[in-house]
1. Please report, largest first and rounded to whole Å, the three semi-axes of the ellipsoid equivalent to the chain, where each semi-axis is the square root of five times an eigenvalue of the C-alpha gyration tensor.
2. Taking H placed 1.01 Å from N in the peptide plane, check which residues at least 5 places from Lys111 or on another chain put their amide H under 5 Å from its amide H.
3. In nanometres, what is the gap between the two model label sites at Lys96 and Leu169, each 7 Å from Cα along Cα-to-Cβ?
4. Only residues of segment 16-38 count here: report those whose backbone N is under 13 Å from the spot 7 Å along Cα→Cβ of Ala55, or say none.
5. Could you work out [θ]222 nm for the chain from helices alone, using -39500 (n - 2.57) per DSSP H run of at least four and dividing by all its residues? Round to the nearest 500 deg cm²/dmol.
6. Return the sequence-ordered ³J(HN,Hα) values of segment 209-220 in whole Hz as given by the Karplus equation 6.51 cos²θ - 1.76 cosθ + 1.60 applied to θ = phi - 60°, using x for Gly and Pro.
7. Using the structure shown, list the pairs from Lys20/Lys161; Lys17/Lys203; Lys100/Lys126; Lys124/Lys161; Lys75/Lys215 with a Cα-Cα distance above 25 Å, or answer none.
8. Would you mind ranking Tyr76, Tyr131 so that the residue whose beta carbon has the fewest other beta carbons within 10 Å leads the list?
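No value in this document is a laboratory result; all are computed from the given coordinates. Nothing here was measured: the structure is a model prediction, and the numbers come from that model. Cβ atoms come from the backbone with ideal geometry, glycine included; neighbour counts cover every protein chain shown.
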Amino acid sequence: MFHPKIAPSLLSCDFTKLQKEIESVEKAGAHLLHLDVMDGHFVPNLTIGPFIVEAIHRCTPLPLDVHLMIEEPQKYIASFIQAGATMISFHQEVIKSPEKIIDSIKKLGAKAGVALNPDTPLEKIKGTLPYVDFVLVMSVHPGFGGQKFIGASVSKIQDLKKWRETQGLSFEIEVDGGIKVDNIGLVAKAGANIFVSGSGIFKTPDIQKTISQMKTKVRGAPK
């Protein structure tokens with residue numbers, strides 16, 4: 001059984017009141033926090049590094065899900081885990097030997113995940129699936145928050161779930177991009193159990209109500 005987890009993405013929060021934003025999603029019942037790390041090379045944007053992750057870690061007991069949208073993730077894994085990352089995902093598109101980086105993440109005590117851009121076929125990670133703790137399916141093109149959900153991601157999640165079942169594997173399925181109250185049930189039904197949402201949570205008038213509605217939608221999705 002894969003327990004559903006709501007993961008607010010701090011990329012969309014108000015950084016002038018970061019601690020209050022974190023406390024608001026904690027009180028609303030978020031299960032973990034999603035942190036997007038961008039290097040200005042793999043994606044055309046720059047965000048945070050280990051120093052900020054460490055500061056966030058000191059603000060909250062929630063697990064930190066660190067998504068490395070960077071060209072050389074192997075260089076920074078240790079720094080992010082030392083800063084407090086509980087989960088680390090890297091992009092298949094930039095790694096030739098994913099098993100090595102997965103092994104490094106696990107040896108340092110974090111959960112290891114592989115992320116896929118919308119245009120990257122699942123076949124690219126088929127050989128990696130036995131080694132990962134989770135797969136992150138991007139349902140928008142990475143780099144900027146607030147984008148519209150790409151509907152084709154649903155079939156990708158469905159196929160990933162089928163592969164997991166036929167191969168007897170146990171990785172979780174995470175989805176990131178354009179997740180809101182009105183579509184979270186759809187991706188839950190498809191097979192995802194970790195739901196990253198940035199503007200779908202932080203840009204709503206009542207965060208507590210939004211997360212509560214998301215949980216209700218996920219619980220109501222057929223398994």
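1. Working: eigenvalues 110, 97, 49 Å².
Each semi-axis is √(5λ); the values are 23, 22, 16 Å.
2. Hits under the 5 Å cutoff: Met87, Ile88.
3. 2.3 nm
4. Once the point is set 7 Å along Cα→Cβ of Ala55, 16-20 turn out to lie under 13 Å by backbone N, inside segment 16-38.
5. Values: 8 runs with 80 residues, N = 223.
Computed ellipticity for the chain at 222 nm equals -10500 deg cm²/dmol.
6. Each residue's phi maps through the Karplus curve to give 5, 4, 5, 4, 5, 4, 4, 5, 5, 5, 4, x Hz.
7. Lys20/Lys161; Lys75/Lys215
8. Working: Tyr76 19, Tyr131 16.
By the 10 Å Cβ count, ascending, the order reads Tyr131, Tyr76.
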